[in-house]
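Novice: Let me give you the structure first, and then I'll get to my questions.
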Amino acid sequence: MVTKQTLTEQVYQYLKEEITNLSLLPGAKIDICGVAKRLGVSPTPVREAIHKLIHHGLVVARPYTGFFVIRLSPKDVEELFDLRKALELLAMRYVMQNLDEQNVEQLLHKVNQLMEKADNEELIEGVREFDEEFHLKFLIETSGNKWLTKMANGVIDLVKMTTRMTLNPLVACKEHKDVLEAMKAKNPELASSLLERHLERSKQDAVEAVVKKAMLRERRL
């Protein structure tokens, strides 16, 4: 039996994915009845899911107007990446203390396979999946620090919105590979330095993308 809470969680996960993969674009109004009809549920769990998304910073409410996907400013992007960087560098310390070498080898194998892909669309999708596996599942979740994981999950959901706009697949592959090679060599200082450089480059790309989109919106007005 599907409980009310489970149904709300399912709608929440659906909307979160729609937002982070940019199927629902920043600034888009969320059609509660449309979502309910599409998912075959009543409007109630949709509203409850939306309030959860507001709590996690992915949706904003405008009085007498409705609910909208958050539109991040360049400053928002900078602050989110800076917070993410602090969390991931801390996670790296924990991971390196109890390094799973087999996991590192598996990730290196995956990133090497990605770099051999000729089809650009396939490469982009593969790197998106790998990016989540590397940063969230490998670094954050295997850090063993439940509080770090709890804090990072909300930040990474917001950052996903910008990385989907800016993904430079071959550069990302090379940077991930360099970090993993340093981890394999059991060099935590180098691994942390390379991770910080990777996130800083991603931040600059994301900020530039947000600025460009803002300029395009202004030209259309």
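Novice: Step by step: find N for the range 131-199, compute 2.2 N^0.38 Å, then divide the Cα radius of gyration by it. What's the final number?
Specialist: Numbers: Rg = 12.5 Å, N = 69, 2.2 N^0.38 = 11.0 Å.
Relative to the rule-of-thumb radius for its length, the range 131-199 sits at 1.13.
Novice: Going by Cα centres, the range 71-85 and the range 128-184 are how many Å apart?
Specialist: If you average the Cα positions of each part, the centres end up 15 Å apart.
Novice: So what's the angle, to the nearest 10 degrees on a 0 to 90 scale, between helix 146-166 and the longest Cα principal axis of the chain?
Specialist: So the inclination is approximately 80 degrees.
Novice: Where q = 0.24 Å⁻¹, what log10 of I(q)/I(0) comes from the Debye formula for the range 19-61, counting one point per Cα?
Specialist: -0.90
Novice: What number does the range 1-136 give for Rg over Rh if you use C-alpha atoms and the Kirkwood radius? Walk me through the numbers on the way to the answer.
Specialist: Details: Rg = 18.8 Å, Rh = 17.8 Å.
Ratio value, two decimals: 1.05.
Novice: Now for a separate question. Under 19 Å Cα-Cα from residue 150, which lysines qualify once same-chain neighbours fewer than 8 residues away are excluded?
Specialist: Cα-Cα hits under 19 Å: 16, 52, 85, 137, 160.
Novice: Which angle between 0 and 90 degrees, to the nearest 10, do you get for helix 43-55 versus the longest principal axis of the chain when only C-alpha atoms count?
Specialist: 50 degrees
Novice: With 16 Å as the cut-off, how large is the P(r) tail for the range 83-143, expressed as percent of Cα-Cα pairs?
Specialist: Values: 897 of 1830 pairs.
Taking all Cα-Cα pairs of the range 83-143, the fraction more than 16 Å apart is 49 percent.
Novice: Between 178, 205, 119, where does the largest GNM mean-square fluctuation fall for the chain, given springs only between Cα atoms within less than 10 Å?
Specialist: For the chain, modelled as a Gaussian network with Cα springs under 10 Å, the answer is 119.
Novice: Just from its helices, what would the mean residue ellipticity at 222 nm be for the chain, if runs of 4 or more DSSP H residues each count -39500 (n - 2.57) and the sum is divided by every residue, rounded to the nearest 500 deg cm²/dmol? Could the numbers behind the result be given before it?
Specialist: Numbers: 9 runs with 160 residues, N = 221.
After summing the helix terms and dividing by the residues of the chain, the value is -24500 deg cm²/dmol.
Novice: Could you state the angle between the C-alpha long axis of helix 120-132 and the longest principal axis of the C-alpha atoms of the chain, as a value from 0 to 90 degrees rounded to the nearest 10?
Specialist: On a 0 to 90 degree scale, this one is about 90.
Novice: Can you give me the accessible area per residue for the chain, using a 1.4 Å probe, in Å²?
Specialist: 56 Å²
Novice: Shifting gears a bit: Full-extension gain between residue 171 and residue 37, please, as 0.36 nm times their residue separation minus the C-alpha to C-alpha distance. Don't skip to the answer; put the middle values down first.
Specialist: Working: separation 134, 0.36 × 134 = 48.24 nm, distance 4.10 nm.
Full extension of this stretch gives 44.1 nm more.
Novice: A follow-up question, please. Along the Cα→Cβ direction, 7 angstrom out, place labels at residue 120 and residue 103. What is the inter-label distance in nm?
Specialist: Distance between label points: 3.5 nm.
Novice: Starting from the Cα gyration tensor of the range 77-221, take the square roots of the eigenvalues, sort them a ≥ b ≥ c, and report rounded, prolate or oblate (rounded when a/c is under 1.5, otherwise prolate if a/b is larger than b/c, else oblate).
Specialist: Working: a/c = 2.15, a/b = 1.39, b/c = 1.55.
Because a/c hits 1.5 or more and a/b fails to exceed b/c, the range 77-221 counts as oblate.
The values are calculated or read from the model by the stated rules, or taken from the named source; none is laboratory data. Keep in mind it's a predicted model, so treat the numbers as computed, not measured. Note that we place each Cβ from the backbone using ideal geometry, even for glycine, and neighbour counts take in every protein chain shown. Heavy atoms of the whole protein, side chains included, go into the accessibility calculation; ligands, DNA and RNA do not. Shrake-Rupley method; radii C 1.70, N 1.55, O 1.52, S 1.80 Å.
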